[in-house]
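The values are calculated or read from the model by the stated rules, or taken from the named source; none is laboratory data. If you're wondering where the values come from, they're calculated on a predicted model, not measured in any experiment. Methodologically, a virtual Cβ is constructed for each residue, glycine included, from the backbone with ideal geometry; neighbour enumeration extends over all protein chains shown.
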Amino acid sequence: MGTQTQVNKSENKNIKNKASSFFKVFSISTAIFLIIISIMAGLYLTSTIKPPEIPIMVVAADTLPEIDMPAFTALEGEEADMLIGDGLIAPTGFTDEDRKVSFYTFLIVGLDEGINSDAIMVASYDAGIKEGNVISIPRDSLVNVSRRIRKINAAFPAGTIYGGGLEGGVAQLSREVKTVIGFVPDYYVCIDLDAFVKIVNAVGGVEVDVPFHMRYRDPDQGLYIDIKKGLQLLDGETALKFARYRLGNGSRSITDYQRMEHQQMVIKAVLASLLKPANILKIPQFIDIFNENVHTDLTTGNMLWFASQLIEIRGTDSLSTHTLPTNGNIITPISYELLDAPAIVELVNRTINPFKIDIEIKDLDIVTE
């Protein structure tokens with residue numbers, strides 16, 4: 001990889017295998033999903049809602065969309081990228097009999113401007129023991145694809161352009177997620193970050209104690225941040241800027257872990273506001289926000305059932321978050337995160353594996369250089 005390659009293992013070592021309780025390490029997209037599920041819990045009717053059925057492990061290759069190469073020139077996609085994983089949703093040889101009972105998995109995607117995958121996560125819920133896990137997949141993870149930009153966060157926009165809209169984006173991202181965790185999640189939830197802004201505004205803003213004066217200007221992106229230090233009532237747009245602040249000019253920069261702590265502060269404030277009687281009465285407004293900004297293959301009945309489950313685990317240490325383990329980064333000249341296959345299979349088998357048998361390294365397709 002020559003002199004252009006730089007490997008930074010120390011930084012990644014600090015975040016590897018970080019498991020925590022509900023609010024220790026959190027992402028905006030996961031939080032929005034859980035906020036909405038909490039709202040849906042207010043509509044839960046025990047007598048009419050039943051657990052969802054676990055999807056059958058069908059071969060997805062037969063349903064691949066028609067390929068139109070000229071439409072994909074923006075991201076230099078390749079037809080081969082749509083065929084990775086042989087259309088399977090589980091490792092070769094796994095059957096429906098190998099599935100755990102009442103164990104569900106979800107692909108959660110946080111979208112910026114409707115196409116850029118700002119956050120990628122895989123979540124699981126074990127209804128038998130009332131335990132949930134969320135694994136964040138680094139956006140710069142190197143995946144074994146043919147397109148010029150081989151980051152996993154390029155999968156969704158590539159599939160959207162190349163495969164015919166949102167469903168194509170979900171399909172391509174699902175295929176690439178399978179290469180790094182071994183299986184395709186049962187359900188997907190795509191959340192536009194506009195939902196976060198609208199929810200914060202709907203609850204009347206949130207109070208946050210800003211630790212320092214945050215200042216950042218990026219005219220190319222049209223991004224301007226100027227949030228003063230101290231206790232502030234933040235509207236939706238300002239709260240999102242606070243939660244996503246990372247680099248500063250004329251102000252200090254922070255680590256990704258510190259940014260996640262700031263996200264924690266905002267989400268706790270939003271959830272506290274949602275519990276106020278005045279905001280409970282706004283459930284119809286929150287439902288409208290959901291319908292406009294969240295795309296999912298979960299039915300309303302599915303979501304109501306999961307909402308009822310969240311009520312049972314909320315406030316415990318039964319919902320944990322993790323980061324997919326990495327093993328340094330390379331710059332060639334694009335910066336990529338190298339995934340740590342042995343650590344990944346250990347984490348996946350301990351947390352989100354929906355099968356009774358372990359996923360092995362041979363079931364992944366990890367690129368090492």
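State whether the residues of segment 110-118 include one that is modelled with pLDDT under 90, among the aliphatic types (A, V, I, L, M) and under 12 Å from the mean Cα position of the chain (by Cα). Yes, segment 110-118 has at least one match. Given the criteria acidic (Asp, Glu) and either closer than 19 Å to residue 108 by Cβ or not assigned by TED's automatic domain parsing to the domain that holds residue 184 (or both), does residue 288 qualify? Here the answer is yes, as residue 288 does meet what is asked. Looking at 271, 298, just one residue is buried (at least 17 other Cβ atoms within 10 Å of the Cβ) and outside any helix (DSSP H, G or I), and that residue is 298. Return a yes/no flag: does segment 335-358 have any residue that is surrounded by fewer than 19 Cβ atoms within 10 Å (Cβ to Cβ) and at pLDDT below 90. Checked segment 335-358: at least one residue is surrounded by fewer than 19 Cβ atoms within 10 Å (Cβ to Cβ) and at pLDDT below 90.
Among the residues that make up segment 254-269, is at least one of them over 29 Å from residue 140 (Cα atoms) and not assigned by TED's automatic domain parsing to the domain that holds residue 156? Spell out the reasoning first.
Keep residues of segment 254-269 that are over 29 Å from residue 140 (Cα atoms), which gives 269.
With the extra rule that they be not assigned by TED's automatic domain parsing to the domain that holds residue 156, the set shrinks to 269.
Yes; the residues of segment 254-269 include at least one that is over 29 Å from residue 140 (Cα atoms) and not assigned by TED's automatic domain parsing to the domain that holds residue 156.
Using the structure shown, decide if residue 162 is buried (at least 23 other Cβ atoms within 10 Å of the Cβ), of a type in the set (Ser, Thr, Tyr) and over 22 Å from residue 291 (Cβ atoms).
So residue 162 passes the test.
Only a single criterion out of (1) touching a Phe, Trp or Tyr at 6+ places or on another chain (Cβ under 7 Å); (2) surrounded by fewer than 14 Cβ atoms within 10 Å (Cβ to Cβ) is not satisfied by residue 277, namely (1).
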